[in-house]
Amino acid sequence: MAMDVNGTRFHLLYTQPDWGACIAMDDGSGRTLATRWALIDDEDQPPLEWSGNPTDGYLQLARQAPLFRSATETGQLDINRRRGADRDRYGHWYWIDPQQGGIRFLANDERESVKFWTWADQPVDCDPVPDGGDFVDAVEPMPDRIDLRGLAVTTRHYLVVGNVTQNGILVFDLHRGGPPLLLQWPEDTPFSPWDMAATPDGGVLILDRDNLRYWVLDQHFRLMAETDEEPSLFQPDDGDPINVFGRVFHPQGFPLIPGEPDQAFAPVSIESGPDGHVLVLHTEPGLPSVIDEYDSSGALVVKYSLEDVITGIETELDETGELVSISVHDFAYTACCVGDIEDCDSCLDVTAALGGPERMLHLLYVARGDGNQVIAFEMDRDDLKLDAQKDYLPLRRWEAKALVAVDGKVYYDFADRWVPLQIFVDCRYARRGLITTPADFVAGNKGQQFDSGLPGCVWHRLLLDADVPPGTNVYVRARAADDPALLEKTVWQQQPRPYQRSDGSELPFYETEMAEDVSRGGTWELLFQEMHGRYIQIELTLEGSGRSTPKLYAMRVWYPRFSYLDHYLPVIYREEPGPASFLERWLANFEGFYTHLEDQIDHMPRLLDPRTTPADALEWLAGWLGLVLDPLWSESRRRFFIRHAYELYSRRGTVPGVEIALRLYLDEEVGEWLFEPDCWGGGDVRIVERFLTRSVDPRLYGDPSTQDQTGDPADTAHRFTVLLPHNLDEEDLQMAERIVELEKPVHTAFELKRYWDLFRVGEARLGLDTQLGESDLIGPLVLGAGALSDVYLEAQYPFNVRDRLISDRDRLGDLPEL
């Protein structure tokens, strides 16, 4: 247990489990924060939450979802305003026009859309001329009008559009171009496409709103349904069947399963979900929406109800949020791989609260029925529930065509363009939260949290590493007793308001978590008033403004008090209890000042260790070794340089020493591997000693102007060449030259060169600088941006397309797998 020079110790709350053991007092249930945080129901969550990783975060007032506030009553969007829309792999957008008879196209980086295709572009046959008739005026035939519903672009670059009139779908090959292919359902099979979504395997999902079913098409646009495994007709003569198949292809959709009578059951949108599942959104006017999840066999896995699904704040005057149900116009699904998240503002990223091992994050974005806001939900795959995110995602003048998820981002239509959904920084927090430290002490047990082990202990100070923005406050009450049974009956005593220490943490050479506004972030301190007893219980009240919140990183409770009155003044000063108590607390101010200085003196050896010395002392420590640190270096690189200064000095004047010094300056990352012999000579810095090279007759590589002449071997002795990457600027080259001058032996000579490729005639060393194979430095030719010897002429479209059979490129018997 840590203590200061006076023998004073402290109890610490720092990690999420530490703070989670505290009791939330808002509902009177006596449950801990950890217990409440683990609950599924949003209404049972406490007004305090943990933000960040479990071992490196802070306690704050709970964020609440701000809801869009409209000056006038906004009605629900008409579901018929929805249009199918999607984006292809090149960033081009496609959507169905307002007349539902054509397709609009918006090219990447363009601002105005153009017609892509309409029903009038269908090929038609001319009417036959009647036999024996007279000449009549020719009338241009017009095709029959068709209505389009639902649109998707598959991962294999096909545009699929629902054809309601002709009971089928239109398939456009975006690589080949030309007219669409019409795929029709059988006449006896009811089919009315409403919405579509592409699947990761190149197929497409089709929602049939009228017939309450959905269809699954594979990458070849064959209708699919899951069946039991059946043996195929072709089998070996002997033994068990080895050729089986488990998917059949016939016009059979998957029926949608109704829910409870009071739940919405009007399918309006479909998405490809996690694990190959299918997500279907149901919305009924006046009822909360429901999202159904079906597995690959069409079985209903779970129903996600959006009734009372989020705690939201309607106005700035709301003290507490209320549970809100959501009616949805459209939704989108995204998945991404996340891991440890650093330097992430919880107000700006829905994944900021995540940490630990890498995992998949599944997010649903639902657009409210009034068209003003999108709300994000994380799909909890373990508990099969939706966790509402607290980000404010407003929609600006949304025309309600669709929400489209592409490459992890969600887009919505704005006029004639498609813009990504952006988080508007409008953080809302609960206004008040109250917790107490646990008081479940067991009499006689030692080592318990907030148990001093000293009867009649005088508790000394409370210090908080905290960020307390203007308009927020932290209040402290405490009580102490020698008997755990009496502690809960002891009256709470209000303690002084914490004040911010001007010299940082009371711990020597410890840097606290600081806020962006350093005037309110740091260490906050109070001196306990009349806290006597072995056990102590502390009550913390966090008050916010609704827009900001205090953030508590750590709490330290120091005990017992080192009294200057008892140790340094005569007994006469302690005879009167009242004046003695005042004098003891007054002298405690001086004790805190001098103890901090004495602790720093006691921990002076930390200043001499580059791993523990404060960042502002690194220059001072480097001066002891005669080192000068680059002001542009990061703190970690400075510490590494000082820690290995002896090894650098011991290798000064050697080839490894020169290489290590250069890599220490040039490499993006440095580590212990710099001093391992196996890593020498394999980085971006190459040092070629001239005596290791041999001259080659220049005529062999096309230079007839000179003749091979054997020179004096002494001409190459004590000379070397330093090869550096070609992308270094002039300032880096000058610094590299200075480093080599300092590190090389004084009697040697060198030259500094840039290299484009290590295989340099007359300078490359076999086995060290040579490697046979394709070079990743050679890229495709870009006009005006490459040298002829460094690029290659790339195959032109469509010969670079990999998911099609290309005439004059692919040969029978050697066709690519499609």
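Derivation of every value follows stated rules applied to the coordinates shown; laboratory data play no part. Note that this is a predicted model, so its numbers are computed, not measured. A quick note on method: Cβ atoms are made from the backbone with ideal geometry, for glycine too, and the neighbour counts reach across all protein chains shown.
Figures for the structure shown
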item	result
Label-to-label distance, nm, for residues given as Ala795 and Ala415 (7 Å Cα→Cβ offset)	4.1
Burial ranking of peptide ranges 178-191, 428-441, 378-391 (average Cβ count within 10 Å, highest at the top)	428-441, 378-391, 178-191
Per-residue HN-Hα couplings for region 407-421 [Karplus 6.51, -1.76, 1.60; θ = phi - 60°; Hz; x = Gly/Pro]	6, x, 10, 10, 10, 9, 7, 10, 6, 9, 10, 10, 10, x, 5
Burial order of peptide ranges 523-535, 583-595 (average beta-carbon count within 10 Å, highest first)	523-535, 583-595
Extended-chain gain in nm, criterion 0.36 nm per residue less alpha-carbon gap, Thr189 and Asn473	95.5 nm
Amide proton proximity set for Thr199, modelled H, under 5 Å, gap of 5+	Thr155, Val204, Leu205
Environment charge of Asp208, counting only residues whose C-beta is closer than 14 Å and scoring Lys/Arg +1, Asp/Glu -1	+1
Region 400-472, relative contact order [Cα under 8 Å, separation at least 6], %	12
Listed peptides 539-550, 277-288, 477-488 by packing density, highest first (mean Cβ within 10 Å)	539-550, 277-288, 477-488
Karplus 3J(HN,Hα) series, Hz, for region 726-738 with 6.51 cos²θ - 1.76 cosθ + 1.60 (x for Gly, Pro)	6, 8, 7, 7, 5, 5, 5, 5, 5, 5, 4, 5, 5
Within region 428-552: Cβ-based charge dipole about Cα centre, in debye rounded to nearest 20 (Lys, Arg +1; Asp, Glu -1)	460
Cα pair distances exceeding 25 angstrom across region 438-557, given as percent	30
Alpha-carbon Rg with Dmax, taken over region 618-668, Å	10.7, 29
Over 29 Å (Cα to Cα) - which of Lys115/Lys303; Lys446/Lys489; Lys303/Lys409 fall in this group	Lys115/Lys303
Distant-in-sequence amide H partners of Ala400 (H built 1.01 Å from N, under 5 Å)	Asp413
Stretchable slack from Tyr573 to Arg809, in nm (0.36 nm times residue separation minus alpha-carbon distance)	74.8 nm
11 Å beta-carbon shell around Phe799, net charge (K/R +1, D/E -1)	0
Nearest-0.05 FRET efficiency for Asp275 and Thr541, computed from C-beta distance (R0 41 Å)	0.35
Lys409 long-range amide H proximity, modeled H, under 5 Å	none
